[in-house]
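Asker: This is the structure I want to talk about, given as structure tokens.
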Amino acid sequence: MYKLSAIREPVVIHKGLDNVYVKESRICYIDGEASKLFYRGYSIEELASHSTFEETTYLLIYGWLPTHSQLDQITRQLELHRTLEPQFLDLIRKFPAKSDPMDVLRTAVSALALYDPQPMTDDITDKTDKALAILAKVPTIIAAFHRLRTGNNPIPPKGNLSHAAEFLYMLTGRDPDPYDAHVMDVALILHAEHEMNASTFACTVTASTLADMYSVLTSGIGTLRGPLHGGANEAALKTVLEVGNPGNAESYVVDALAHKRRIMGFGHRVYKTWDPRYLILKKLAGELAQKKNQAKLFDTAVAIETSARKHLEGTTIFPNVDSYSGIVFHMLGIETDLFTPIFAMSRISGWTAHAIEYLEANRLIRPKALYVGKLGLPYTPIETRSGKAPE
Ligand SMILES: CC(C)(COP(=O)(O)OP(=O)(O)OC[C@H]1O[C@@H](n2cnc3c(N)ncnc32)[C@H](O)[C@@H]1OP(=O)(O)O)[C@@H](O)C(=O)NCCC(=O)NCCS
């Protein structure tokens, strides 16, 4: 009979895989102590000021800033794939209107494989092209579902608009205000990549089995779905709406901290100071608030932030990207439950970049679990079983 001690070996368990490196990477660098984030060596501030989501996607996936013709090529590729086939739209029409948009997105991206005559391919270029075709369709899927659930017909892409502007156009059927489209574009850049977070790791694990890109990206969407990953932006907005006005902020924060409730949009596993994306979004949120007469909403968020920082002084809990992203999306007129799908829409660039980078020197990801259960139990007939785990 086996004895557990016979198979025990000295091991270190890395619960949560904290500080475990799974690969070398040239995609993203975060300095959480210095408030720095770089995509392919370019600071997030530079990209937010000068780049576009299309260009940033090219940079993340291919590794360099595109030339005119390379940018034209990716832009055309996205335009070509943005439209949904009527048969696929019919599938979305059948989804229950009450579905969570993240469930819709996860199911729809998975279902796209059914309409691809050859979803499986080992060729890296083909895999990249398939991922870009999915990336192109995701805003169309989100917008189509949102219109259907609100009793409206889906609107096909207009063409000749940016990825960000097309999304806003397909949601409303109106040409978006150029500033709104710019804000959406910057928000997409800011969410496009963030090193080996949970959803990127999930995509990498799936890619390492040589699965197709539909499976890879569906894994990412499923992982982003959890409230510990995507979703904090919704919670942060709800807090601001509940607090209601700047005068209530101090009592809200004091009460939350006294009852050990977390202030949403604060704290981060990696950043132990200001999240650089927060600084960019806060500025945009302030500008949008002025344009849209939403000063009270913005001032309430600032009051919560000021009060929280006062009470959390001396800790490493600072505002993160989600403290203002939900407010920005809200001011753009977007429904709260679309915030995490928008995060996915943007993060597909980073997921793809990491999956492709990993595949270039692939090794199947297969960690171990330390067995601490019993061994060699005698098989008991059903009549004599206790109905609980053996002591
Ligand atoms: C993001 C998050 C999960 C990171 O957490 P982490 O690095 O694993 O840190 P921990 O959860 O271990 O928290 C460490 C301490 O800080 C406190 N803390 C962390 N975030 C806090 C917050 N937003 N508000 C109040 N206290 C917070 C914890 O209560 C804990 O205190 P304790 O040691 O007295 O128990 C956490 O900060 C959080 O839940 N934030 C709110 C949700 C959010 O904004 N998420 C978006 C992240 S981009």
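Readers should treat all values here as calculations from the given coordinates under stated rules, not as data from a laboratory. Everything numeric here is computed off the predicted structure, so don't read it as measured data. In this analysis, Cβ positions are derived from the backbone assuming ideal geometry, glycine residues included, and neighbour counts consider all displayed protein chains.
Asker: Okay, which of region 224-245 sit inside 20 Å, backbone N to the point 7 Å along the Cα-Cβ direction of Asp103?
Answerer: Answer for region 224-245: 224-232, 234-235.
Asker: If I take the Cα coordinates of region 269-391 and project them onto the principal axes, what are the three extents in Å, biggest first?
Answerer: Taking the Cα atoms of region 269-391, the three principal extents are 73, 42, 34 Å.
Asker: In what sequence do Trp274, Trp351, Trp64 fall when counting other Cβ within 10 Å, fewest first?
Answerer: Trp64, Trp274, Trp351
Asker: Per the Kirkwood definition applied to all pairs of different Cα atoms, how many angstroms is the hydrodynamic radius of region 158-207? Please list the in-between numbers first.
Answerer: Details: mean 1/r = 0.0800 Å⁻¹.
For region 158-207, inverting the mean 1/r across all distinct Cα pairs yields 12.5 Å.
Asker: How large is the charge dipole for the chain, taken about the Cα centre, if only the Cβ atoms of Lys, Arg (+1) and Asp, Glu (-1) carry charge, to the nearest 20 debye?
Answerer: Rounded to the nearest 20 debye, it is 1240 debye.
Asker: Arranged by the count of other C-beta atoms within 10 angstrom, fewest first, what order do Leu217, Leu188, Leu332 take? Before the final figure, lay out each step's value.
Answerer: Values: Leu217 31, Leu188 25, Leu332 19.
Ordered by Cβ neighbours within 10 Å, fewest first: Leu332, Leu188, Leu217.
Asker: Suppose every K and R has +1 on its Cβ and every D and E has -1 on its Cβ; what is the size of the dipole of region 244-306 about the Cα centre, in Debye to the nearest 20? List each step's numbers first, then the result.
Answerer: Working: 11 positive and 6 negative charges, 60 e Å.
About 280 debye.
Asker: While we're on this one: Check the straight Cα-Cα distances from Lys282 and name the lysines below 25 Å, setting aside those fewer than 8 residues away within the same chain.
Answerer: Within the straight-line cut-off, Lys282 pairs with Lys36, Lys238, Lys272, Lys291, Lys292, Lys296, Lys310.
Asker: For region 1-129, what is the Kirkwood estimate of the hydrodynamic radius, computed as the reciprocal of the mean inverse distance between distinct Cα atoms, to one decimal in Å?
Answerer: By the Kirkwood definition, the hydrodynamic radius is 19.6 Å.
Asker: Okay, moving on. If packing is taken as the average count of other Cβ atoms within 10 Å, what order do 254-265, 227-238, 339-350 fall into, highest mean first?
Answerer: In decreasing order of mean packing, 254-265, 227-238, 339-350 become 339-350, 227-238, 254-265.
Asker: Right, here's the next one. Per Stokes-Einstein, at 37 °C and 0.692 mPa s, what whole-number D in µm² s⁻¹ belongs to region 131-237, with the Kirkwood radius over Cα pairs as the hydrodynamic radius?
Answerer: Once the numbers are plugged in, D ends up at 213 µm²/s.
Asker: Continuing with the same structure: For a Förster distance of 51 Å, can you work out the FRET efficiency between the beta-carbons of Arg385 and Ser25, rounded to the nearest 0.05?
Answerer: So, using R0 = 51 Å, E works out to roughly 0.50.
Asker: Rounded to the nearest angstrom and ordered from largest down, what semi-axes does the equivalent ellipsoid of the chain get from its C-alpha gyration tensor (root of 5λ)?
Answerer: Listed largest to smallest, the semi-axes of the chain are 36, 30, 23 Å.
Asker: Quick one: length gained pulling Lys36 to Asp90 fully straight, 0.36 nm per residue minus the C-alpha distance?
Answerer: So the chain would gain 15.0 nm between Lys36 and Asp90.
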